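First the structure, in the form of structure tokens, and then the observations on it.
Rule-based calculations on the coordinates, nothing more; no lab input. All of these numbers come straight from a predicted model, not from anything done at the bench. Positions of Cβ are generated from backbone atoms using ideal geometry, with glycine treated the same way; all protein chains shown enter the neighbour counts.
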Amino acid sequence: MPATYLDAAATTRVDERVAEVVLHWMTEEFGNAGSRTHDYGNRAKKAVQRAREQLAAQLGARADELIFTSGATESNNIALLGLATHGQEVGRRHIISSAIEHKAVIEPLEHLQTRGFEVDFIKPDCRGRIHTEAVKELLRPDTLLVSLMHVNNETGVVQPVAELARHLRESATYLHVDAAQGFAKLPDDLTAPIDMISISGHKIGAPKGVGALLIRRRGWDRIPLQPIMFGGGQERKLRPGTLPVPLVVGLAKAEEIFRTERDQWVAGAQKVREEILAALSGTRYHLNGDPDHSVPHILNVSFEGVDAEALIVRLRDIAAVATGSACTSASYTPSHVLTAMGLPEKVAANGLRLSWFPSQADNLDMQQIATVVRSLQD
């Protein structure tokens with residue numbers, strides 16, 4: 001029996017119904033959406049437009065406010081680096097973010113620091129949550145942007161982005177939200193007046209390599225983004241390159257499936273969570289993250305007296321788990337997220353992330369995992 005897949009925060013299996021649609025647009029309807037002189041291209045263009053309208057509607061936005069990208073990392077870079085020229089021109093070079101952001105946000109912001117921008121990285125409370133008041137206290141007349149993730153990819157803690165959006169909407173400060181982990185799972189939060197939202201497809205059963213950036217207008221005013229790549233007029237001149245029509249249509253299909261089956265998914269994810277916590281009750285562990293403000297499918301735990309890397313090796317044939325973000329899992333340094341939460345070094349260095357899709361955890365045997373943990377703790 002294969003190991004149970006418990007790393008859905010890194011990526012999910014492509015839904016078979018999505019794969020069928022993607023294959024169709026790869027092999028049957030293979031036209032380029034930019035080709036307007038024949039039906040192949042026109043059909044592709046219409047398919048992309050339908051996908052754009054559908055995804056934008058789920059964010060409470062209009063189709064012309066959404067551009068397709070290769071994923072949340074690219075969307076984050078366009079949102080953060082694309083606003084830099086405007087910030088320099090108007091003399092607003094202050095940015096507020098958090099110390100628990102994904103590296104796809106932290107590293108672009110560190111780059112902006114080399115260009116003269118001042119960035120405040122707020123630390124969360126000990127449960128991993130950033131409080132709106134902490135952001136408000138740092139706001140200044142020259143604050144260009146606040147960038148705060150929706151759901152933390154390591155702990156599953158939900159951040160108050162909707163509340164923050166309502167506060168900032170009447171100010172000159174823009175709000176960017178990395179919603180890679182929360183898109184489709186917590187839809188109501190993302191219909192709040194957030195200026196820019198980054199999403200990624202492969203967290204909800206779509207293929208890797210496709211995502212989107214919502215760029216919400218403020219009235220008639222567009223956010224003054226500048227392109228960070230050049231070579232074509234696609235995607236409102238902000239993201240050049242041939243659109244991957246099969247992936248775009250696949251992203252829309254995945255969102256449609258997830259939206260239709262969301263209640264079932266939430267119930268299933270919560271059931272798995274309860275099973276995991278029940279099994280772990282016989283071990284000595286520390287739950288890293290606020291259980292009152294978390295998504296149901298991500299848990300981060302540190303086991304007393306157990307090295308996380310050694311545990312992963314012991315679990316290799318039982319469960320596929322991770323120590324944190326897939327982008328940094330090759331590093332054995334303590335998690336920057338858990339460290340920012342102020343957790344002891346032994347706890348921060350040994351956080352184990354368990355994340356799942358209910359349909360991909362059918363063969364889960366948490367008692368077997370708990371037995372392995374107890375054997376290392378004895």
Out of all DSSP beta bridges with both ends in the chain, state the antiparallel percent to the nearest 5.
-> 55 percent
Label-point separation in nm, D317 to A63, each point 7 Å along Cα→Cβ = 5.4 nm
Based on the Cα atoms of the chain, what semi-axes does the equivalent ellipsoid have, where each is the square root of 5 times one gyration tensor eigenvalue, given in whole Å with the largest first?
-> 35, 27, 17
Cα-Cα pairs above 17 Å in the stretch 93-190: how many percent?
-> 47 percent
Where nothing but the Cβ of Lys and Arg (+1) and of Asp and Glu (-1) is charged, how large is the charge dipole of the stretch 146-246 around its Cα centre, in debye to the nearest 20?
-> 380 debye
For the chain, built as a Gaussian network whose Cα springs stay under 10 Å, the top-fluctuating residue of A278, A320, A179 | A278
Calculate, in nm to one decimal, what E261 and D188 gain on full extension: separation in residues at 0.36 nm each, minus their alpha carbon distance.
-> 24.7 nm
Just how far, in whole angstrom, is the stretch 297-325 from the stretch 149-171 if you go by their alpha carbon centroids?
-> 28 Å
Geometric extent, Cα atoms of the stretch 65-134 - Rg, Dmax (angstrom) = 13.3, 39
Top positive-direction residue, dipole computed over the chain with Cβ charges, set L225, L145, N77 | L225
Determine, from the Cβ-Cβ distance of A278 and L139 and an R0 of 45 Å, the FRET efficiency 1/(1 + (r/R0)^6), rounded to the nearest 0.05.
-> 0.55
Evaluate the Debye formula for the stretch 148-246 with equal point scatterers sitting on the alpha carbons, no solvent, and hand back log10 of I(q)/I(0) at q = 0.14, 0.20 Å⁻¹, in q order, two decimals.
-> -0.61, -1.10
Taking a quarter of the surface of the Cα convex hull of the stretch 233-378, what do you get in nm²?
-> 11.6 nm²
Taking the highest mean first, how do the peptides 69-80, 38-49 order by number of other beta carbon atoms within 10 angstrom per residue?
-> 69-80, 38-49
Could I have the simple spin-label model distance between R222 and E107, label points 7 Å from Cα toward Cβ, reported in nm to one decimal?
-> 2.9 nm
Label-point separation in nm, E163 to Q270, each point 7 Å along Cα→Cβ = 2.1 nm
For the stretch 189-291 (alpha-carbon point model, no solvent) the Debye-based log₁₀ I(q)/I(0) at q = 0.17 Å⁻¹ works out to -0.99
